[in-house]
Amino acid sequence: MKKYTFKEHFLELKRRFLIIAIFFLSTFLFCYYFSDDIYSFILKPLANATGQHGRKMIYTGMAEAFFTYVKLSFWAAFLIVIPLIAYQLYSFIAPGLLAHEKTLVVPAFIISPLLFYLGGFFVFYLIMPQAWQFFLSFENSNSSLPIILEARVSEYLSIVMQLVTAFGLASQLPIVMLILCVLKLITSEELKNKRRFAIVIIFIMAAILTPPDVLSQIALAMPLIILYEISIVMCKFVEKKK
């Protein structure tokens, strides 16, 4: 295995960060050009829930819509470059890995972005429509002054980003557990014995990462509990293979 000096490591890391930065900037400009179309796409769950009858989105600050589109473009660009970040990170650490270590690391770097996208897909198409229906249930047109939802563009984007990012990160649980198991920091037996504590922690995390409604919290907690059980099976498989 070839040995590298600190300077060589630093220059290599700098080169890979530069590649990511250039690609990210190009993707950001592309996303900003189509920001109106991207925002229309993420509005679909709310539009379908409301039926689009006389509905509108509002912004209350002069520059709110502009900064919302900039924020959306940064977020969309980040989602697009996740596979590139994973590849560059693997390429940086690959020279220091042994053959049997690469057999574990390569699948992890491939599956991790896929799990992130799967978590985002799950929340966008299955959870958001139900969550928006829940929020809309508080409308009341029979009161002395009708209570009608008119969502702000920045607030809606923040909620969507929070939910997609939370579910995407939560989907990484099996990868994290598998790495900890390979490093012998945890075992499948320990995970089984601490299942009750893990469930409590999962619900606390779900309450922190999601908007303050019970539906979103349960919707994040239940997949996490299932992923925790999958992690136990994966760790047991790794232990047997060793």
Members of segment 154-180 that are open to solvent by 20 Å² or more (accessible area, probe 1.4 Å), over 15 Å from L209 (Cα atoms) and of a type outside the set (A, V, I, L, M, F, W, C) = S154, E155
task = State whether the residues of segment 138-150 include one that is β-branched (V, I, T) and in contact (Cβ under 8 Å) with a residue 12 or more places away in the chain.
result = no
inquiry  = Just checking, does segment 72-84 include any residue being under 30 Å from I147 (Cβ atoms) and touching a residue at least 60 places away in the same chain (Cβ under 8 Å)?
reply    = yes
request  = Specify the residue that is surrounded by the fewest Cβ atoms within 10 Å (Cβ to Cβ); the eligible residues are those in segment 31-68 that are touching a residue at least 12 places away in the same chain (Cβ under 8 Å) and closer than 13 Å to W132 by Cα.
outcome  = N48
query = If you take the residues of segment 122-148 that are hydrophobic (A, V, I, L, M, F, W, C) and open to solvent by 70 Å² or more (accessible area, probe 1.4 Å), which of them is farthest from P45 (Cα to Cα)?
reply = L145
request  = Confirm whether L18 is open to solvent by less than 60 Å² (accessible area, probe 1.4 Å), under 23 Å from A76 (Cα atoms) and out of contact with any His (no Cβ under 7 Å at 6 or more places or on another chain).
outcome  = no
request  = Among the residues of segment 209-242, count how many are modelled with pLDDT under 80 and of a type in the set (V, I, T).
outcome  = 3
task = Would you tally the residues in segment 184-208 being modelled with pLDDT under 85 and under 19 Å from G120 (Cα atoms)?
result = 4
ask   = Tell me, which residue of segment 96-109 that is in contact (Cβ under 8 Å) with a residue 24 or more places away in the chain and closer than 20 Å to V176 by Cβ is surrounded by the most Cβ atoms within 10 Å (Cβ to Cβ)?
value = A108
note = Pairing a residue in segment 210-237 that is among the charged types (D, E, K, R) with any residue that is open to solvent by less than 50 Å² (accessible area, probe 1.4 Å), where Cβ atoms lie under 8 Å and the two sit 6 or more apart in sequence or on different chains, gives D213/A131; K236/S188
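Yes/no per residue for (1) among the acidic types (D, E); (2) part of a loop (DSSP other than H, G, I, E, B); (3) over 21 Å from F121 (Cα atoms):
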{"residue": "L46", "(1), (2), (3)": "no, no, no"}
{"residue": "A49", "(1), (2), (3)": "no, no, no"}
{"residue": "M62", "(1), (2), (3)": "no, yes, yes"}
{"residue": "T68", "(1), (2), (3)": "no, no, yes"}
{"residue": "S73", "(1), (2), (3)": "no, no, no"}
{"residue": "A76", "(1), (2), (3)": "no, no, no"}
{"residue": "Y87", "(1), (2), (3)": "no, no, yes"}
{"residue": "F92", "(1), (2), (3)": "no, no, yes"}
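The values are calculated or read from the model by the stated rules, or taken from the named source; none is laboratory data. Since the structure is predicted, the reported quantities are computational estimates derived from the model, not experimental observations. Neighbour counts run over all protein chains shown; Cβ positions are idealised from the backbone, glycine included. The accessibility values were calculated without ligands, DNA or RNA, using every heavy atom of the protein model including side chains. Shrake-Rupley method; radii C 1.70, N 1.55, O 1.52, S 1.80 Å.
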